[in-house]
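The values are calculated or read from the model by the stated rules, or taken from the named source; none is laboratory data. Source: prediction; values computed, not measured. Every residue, glycine as well, gets a Cβ built from its backbone with ideal geometry; the counts of neighbours run over all protein chains shown. Side chains included, ligands, DNA and RNA excluded: accessible areas come from the protein's heavy atoms. Shrake-Rupley method; radii C 1.70, N 1.55, O 1.52, S 1.80 Å.
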Amino acid sequence: MGIEIRDPDFIWSAATIVNIQYGTNSDSKSDNDESTAKITDVTVRYDGWGCQWDETLTWPSRRLAKLFTYTKRVKCFVDILSKGKGTQCSVWPCTVSIRMPHPNNANLARAEEFLRLEANVFVVPYCQHLLPQHIRKSLENGGRWMKNSRLRLWRDDVDGLGRLPKGLLDAHKTAKDDTATPGTLPLKVFEVGTLLSAQYRVRKIGGEPVNGAMFTGECPPPLPITPKKKSSATMKDAGKNSSSNGKSSDRMRDLSIIRNSTSEDDETEEEEEYQPPKYVPPPTCPPPIRVT
């Protein structure tokens, strides 16, 4: 059973319940009466980690949440294959799990800092039996930890990827048919390391809906871009320029419109409710002391 667990650093991670312990009601006549059985403890295994990192928690627990309350899981391509002879394509369709700092907490800054320093994410390839043997041997705990720089945006077609490795088309079709993972990797998903960009983070305790639905694992759509308002002086200058160029051809006017719209897009900015602080790494060593 999939679930989320909050680690001691206040970071939510995807996990799986691997063992359930039951207790019995003291008023029950029989200890084997399943109708009176009550879950007392659960053993949870972090996705991508071995059994030595399992945790046993009482049930229910504030450190446990429904899957995709905070974490994200989206489709993407991952540069996981080595480029062989005659094979230009080195990507494979996968899912990537993205961790989330606990919102509205005194430890938020600490959790964000840990994610900034972590560059690896856990990916699970589709149709692992179709991967080359040496790649299958490198998988552990159901997937593989990869640098975030190896992630590629999802695409519904594979045209333009070059010569495709054997099995990629079948894996790509399986990924497209995966309705349990509807979301895809957005552009500029990470701020630094594996910390999600501000517009994709969960800000409320208990999670937030994405596209009107809860617990889908999708990233919310990017914030709308609002163009800057031009001053009256700029508008007057634009009017003068348009009148002086009145003898230009229709084609030149069309190109002018395209050029102006492009410059306006360049001047746009995103309006965000939350502006994360600029990350400044700590100094490597203190400045030298001059002895006189």
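See the values below:
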quantity: Options 57, 64: the member that is at pLDDT 95 or above, out of contact with any Lys or Arg (no Cβ under 7 Å at 6 or more places or on another chain) and either at negative phi or surrounded by fewer than 20 Cβ atoms within 10 Å (Cβ to Cβ) (or both); calculated: 64
quantity: Given (1) at pLDDT 95 or above; (2) touching a Pro at 6+ places or on another chain (Cβ under 6 Å), index of the condition residue 203 fails; calculated: (1)
quantity: Residue within segment 137-149 that is surrounded by 13 or more Cβ atoms within 10 Å (Cβ to Cβ), modelled with pLDDT of 95 or more, closer than 15 Å to residue 185 by Cα and among the small types (Gly, Ala, Ser) present; calculated: no
quantity: Candidate set: segment 121-136, residues that are within 20 Å of residue 49 (Cα to Cα) and open to solvent by less than 50 Å² (accessible area, probe 1.4 Å); chosen: the one modelled with the lowest pLDDT; calculated: 135
quantity: Filter result (under 23 Å from the mean Cα position of the chain (by Cα) and open to solvent by less than 30 Å² (accessible area, probe 1.4 Å)) within segment 150-167; calculated: 151, 158
